[in-house]
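Step one of this worksheet: look at the structure below.
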Amino acid sequence: MATARYWIGAERYIELLKPDCEITTDGTLIHAADRCIYSCEFTAEAANGVVRELLKSASGAEITVANGKTVYWNSKPIAESEKLHKAVYFEYDRPLECGANKIVAELPDERIARINSAVSCNATAARTGTDFCRRVQERQRL
C-alpha cells in the first residue's frame with residue numbers, strides 16, 4: 001500500500017487492508033510488519049531550521065512536522081481533524097528533539113523562494129491552486 005498521507009492519516013486503511021508493506025508520508029517512510037525498514041528524514045537541526053524560517057515567513061501559520069508515526073501540529077482543533085486527530089500538539093516555541101520526514105505549512109507563494117534559499121531545500125506546491133507547500137531537502141530526494 002502506498003500513500004502520500006502521514007502514517008497516522010493512513011492508519012485506518014493499514015489496519016483494514018493489513019498490507020505486507022506500507023509506504024507513507026510522501027514515500028519517506030516504509031514499514032513492514034510494524035517495523036520501519038526505510039526512513040528518509042531531515043536531521044533535527046535541519047527540521048528546526050525549516051520550522052524557524054516558516055514561522056518568520058508566515059506568522060501564525062499552521063505547521064505539521066512528521067517524524068515516523070508521530071505528527072506534531074500547532075493547531076488547537078486537532079481532535080476535530082479526520083486525518084490528524086492523533087497528532088501531538090506542539091507550539092514550536094522550543095526546538096524539536098527529532099528529525100522530520102515531512103514538513104508542511106500554509107504560506108503565500110511569494111515566500112517559497114526565500115525559504116528555499118534560506119534553508120537549502122526545494123519547496124513545491126503540494127496541492128495545485130493552494131498555498132500548501134511540501135519541504136524536501138534536495139540531497140534527500142527520492
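When you check Glu45 against the structure, is it over 20 Å from His85 (Cα atoms), in a helix (DSSP H, G or I) and either open to solvent by 20 Å² or more (accessible area, probe 1.4 Å) or touching a Pro at 6+ places or on another chain (Cβ under 6 Å) (or both), yes or no? Outline the logic, then answer.
Numbers: over 20 Å from His85 (Cα atoms): yes; in a helix (DSSP H, G or I): yes; either open to solvent by 20 Å² or more (accessible area, probe 1.4 Å) or touching a Pro at 6+ places or on another chain (Cβ under 6 Å) (or both): yes.
Yes.
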(request) Pull up segment 94-142, narrow it to residues that are exposed (fewer than 11 other Cβ atoms within 10 Å of the Cβ) and at pLDDT 75 or above, then point me to the one that is farthest from Gly68 (Cα to Cα). (result) Arg94
(message) Given the condition more than 21 Å from Arg5 (Cβ to Cβ) and not in a strand (DSSP E or B), answer yes or no: does some residue in segment 63-75 qualify?
(response) no
(message) All but one of (1) modelled with pLDDT under 85; (2) of a type outside the set (Gly, Ala, Ser); (3) within 20 Å of Leu29 (Cα to Cα) hold for Lys76; state the number of the condition that does not hold.
(response) (3)
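Filter segment 25-42 down to the residues that are part of a loop (DSSP other than H, G, I, E, B), charged (D, E, K, R) and surrounded by fewer than 18 Cβ atoms within 10 Å (Cβ to Cβ) and list them by number. Talk me through it step by step, then tell me what you get.
First pass over segment 25-42, keeping only residues part of a loop (DSSP other than H, G, I, E, B): 25-28, 33-34, 40-41.
Those left that are additionally charged (D, E, K, R): 26, 34, 41.
Within segment 25-42, just Asp34 meets the criteria.
Looking only at segment 75-115, count how many residues are of a type outside the set (Phe, Trp, Tyr), under 14 Å from Asn48 (Cα atoms) and more than 12 Å from the chain's Cα centre (by Cα). It would help to see each step written out before you state the result.
Kept after step one, since they are of a type outside the set (Phe, Trp, Tyr), are these residues of segment 75-115: 75-88, 91, 93-115.
Still in the running and under 14 Å from Asn48 (Cα atoms): 91, 93-105, 115.
Filter again for more than 12 Å from the chain's Cα centre (by Cα), leaving 91, 93-98, 115.
Residues that pass the stated criteria total 8.
Identify, from the list Glu53, Glu22, the residue that is over 25 Å from Leu107 (Cα atoms), out of contact with any Asp or Glu (no Cβ under 8 Å at 6 or more places or on another chain) and open to solvent by less than 30 Å² (accessible area, probe 1.4 Å).
On the way: Glu53 fails: over 25 Å from Leu107 (Cα atoms).
So the residue among Glu53, Glu22 that is over 25 Å from Leu107 (Cα atoms), out of contact with any Asp or Glu (no Cβ under 8 Å at 6 or more places or on another chain) and open to solvent by less than 30 Å² (accessible area, probe 1.4 Å) is Glu22.
The values are calculated or read from the model by the stated rules, or taken from the named source; none is laboratory data. Note that this is a predicted model, so its numbers are computed, not measured. Using ideal geometry, Cβ is built from the backbone for each residue, glycine included, and neighbour counts are taken over all protein chains shown. Keep in mind that these areas ignore ligands, DNA and RNA; they rest on the heavy atoms of the full protein, side chains included. Shrake-Rupley method; radii C 1.70, N 1.55, O 1.52, S 1.80 Å.
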